[in-house]
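Here the structure is laid out as structure tokens; the discussion comes afterwards.
None of the figures in this text is laboratory data; all of them are computed from the coordinates on show. In this text the structure is predicted, and so the values were computed from the model without any measurement. We place every Cβ from the backbone using ideal geometry, glycine too, and count neighbours over all the protein chains shown.
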Amino acid sequence: MKQFLQIALGILSAIGGFVDIGDLVFNTQAGATFGFQLLWVVVIGVVGIIVYSEMCGRVAAISKRPVFDLVRERVGFSAGLGTLVASEVVNLLTCAAEVGGVAIVLKLLSGLPYRALILLGVVGVVVISWVLPFEWLERLFGYLGLCLLVFAVAAVKLHPQWGQVAHGFVPGMPAHNHAVYLYFVVGLLGAALTPYEVYFYSSGAVEDGWGPKDLRINKITAVIGYGLGAFLSFSLMIVAAVLFLPRGIDPQFLGTPALGAADALGKIGLLLALVGILFAVGGAAIETSFSGAYNVAQFFGWQWGKRRKPSGAPRFALSWIVIFVLALGIVMTGYDPVKITEYSVIFSVVALPLTFLPILLVANDPTYMGRHTNSRLSNVLGIVYFVLILAIAVSAIPLMVITNGGQG
């Protein structure tokens, strides 16, 4: 039972990280634009996040220190500060997008004014984050986010051509719109490999007191948690491909994916979809705010941790609250959360090398890892993915400009 509950960390990371507002937007738009042709990209993304999350969890379990705590020590102050600044900018933009997403879903559920719900949503997640212990945050947002499985049911009930779905797992290039296609490739990979996921996962492993005996549960958690996230991403893309593509619907609004569940399952499908989206983006808002606070506290050597009372780690508590307040200010300007999402994902892609190189270095350093350094397979996959990360980091912003954010 204890191990079963520990997997909640991976599920929260999957639901609130792998399937956050970025994945809801990019997977749905990709399906509505290119059908099943981009399913293979989700596979590439999930394998990458599993590889690096497993490294992070192993580093935390063996060294008893989270990854960002080791970044400054391993790469030095200047490089560590650059990584910190880049990660905090991405965390803030992502948190703002998630907060806006919470308000949008609450508006769809209640019909109340959007701006009032932004404030209500931020106050709600702050109070929940303050009151609930870490393990209950994991379970509440992770397990209620499983309502997103309604999209898997909808994908089956919409009766796609399964042969065409299977063909979508084979990489290829469409006959036209090459630049837009590549933009979605970059966006889907960026949404899958967002930096806050690995920082939250690593810090959460320390919060949960993982040690060498938990290396097996670390692998299981990473594979099951992010594998589930990939399964949900497949479902979103399939639903969009079957329902939106033939009708020429451009899913520019966060509530649009829920229409797929409603079409297949009626009102109960719509309600489950909206509840799942609410807890997915709410969980991601908490993850990003905590990830930002973890990074700052660990970099400057402050006391940190959700398991500590705020009086025991006051600067850490203040940090995640400040991130929520700044995110609130961004969204209250009235800027579209979906656009903020697109910018946050693309900018996170640019910051990925600064995130994943230190992880790869630390996981191979026997000073920290002893005999638990990377295996040959982990190193091969880690290096291959780092090369891929460099390629998409270089191409992300040019593709966004050339395609006008995927609009062509």
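Points worth noting:
- Packing order of peptides 187-198, 167-178, highest average first: 187-198, 167-178 (average count of other Cβ atoms within 10 Å over each peptide's residues).
- Under 15 Å, Cβ to Cβ, from R72 - net charge with Lys/Arg +1 and Asp/Glu -1: -2
- Across K157/K219; K64/K339; K64/K219, pairs whose alpha-carbon gap is larger than 27 Å: K157/K219; K64/K339
- 10 Å beta-carbon shell around L132, net charge (K/R +1, D/E -1): 0
- Rounded to the nearest whole Hz, the Karplus-based 3J(HN,Hα) values (6.51 cos²θ - 1.76 cosθ + 1.60, θ = phi - 60°) of the stretch 87-102 follow the sequence 5, 6, 4, 5, 4, 5, 4, 5, 4, 4, 5, 5, 4, x, x, 4, with x at glycine and proline.
- For the stretch 154-242: Kirkwood Rh in Å [reciprocal of mean 1/r, alpha carbons]: 15.9 Å
- Most mobile listed residue (F200, F151, F34) in the chain, GNM with C-alpha springs under 10 Å: F34
- Cα→Cβ-extended label distance, 7 Å offset, between L112 and V170, nm: 5.2 nm
- Part-to-part distance (alpha-carbon centres) for the stretch 202-217 and the stretch 244-321, which is given in Å: 23 Å
- Straight-line cross-link partners of K309 among the aspartates and glutamates, defined as a Cα under 16 Å from its Cα and at least 8 positions apart when in the same chain: E135, E207, D208.
- Comparing A116, A363, A241 in a Gaussian network model of the chain, where Cα atoms under 10 Å apart are tied by springs, the biggest mean-square fluctuation is seen for A116.
- Coarse-grained scattering of the stretch 263-355 at q = 0.19 Å⁻¹, given as base-10 log I(q)/I(0) from a Debye sum over alpha-carbon atoms: -1.04
- Radius 14 Å from Cβ of G82, net charge of other residues (Lys, Arg +1; Asp, Glu -1): +1
- Per-peptide average of other Cβ atoms within 10 Å, ordering 118-125, 141-148 highest first: 141-148, 118-125
- Between 0 and 90°, nearest 10: helix 134-144 axis offset from the chain longest Cα axis: 10 degrees
- For the stretch 15-99, average projected area of the Cα convex hull in nm²: 7.0 nm²
- Scaling the Cα radius of gyration of the stretch 114-182 by the globular reference 2.2 N^0.38 Å produces a ratio of 1.83.
- Based on the convex hull around the alpha carbon atoms, the chain presents an average projected area of 18.5 nm².
- Rel. contact order, % - alpha carbon contacts under 8 angstrom, at least six apart, the stretch 2-402: 38 percent
- C-alpha center-to-center spacing [the stretch 20-59, the stretch 347-387] in angstrom: 19 Å
- Value of [θ]222 nm, deg cm²/dmol, for the chain, DSSP H segments ≥ 4, -39500 (n - 2.57) each, nearest 500: -26500 deg cm²/dmol
- Solvent-free Debye calculation, one equal scatterer per alpha-carbon of the stretch 329-408: log10 I(q)/I(0) at 0.22 Å⁻¹ equals -0.98.
- Whole-Hz ³J(HN,Hα) from phi, Karplus 6.51 cos²θ - 1.76 cosθ + 1.60, for the stretch 110-115, glycine and proline x: 10, x, 6, x, 4, 5
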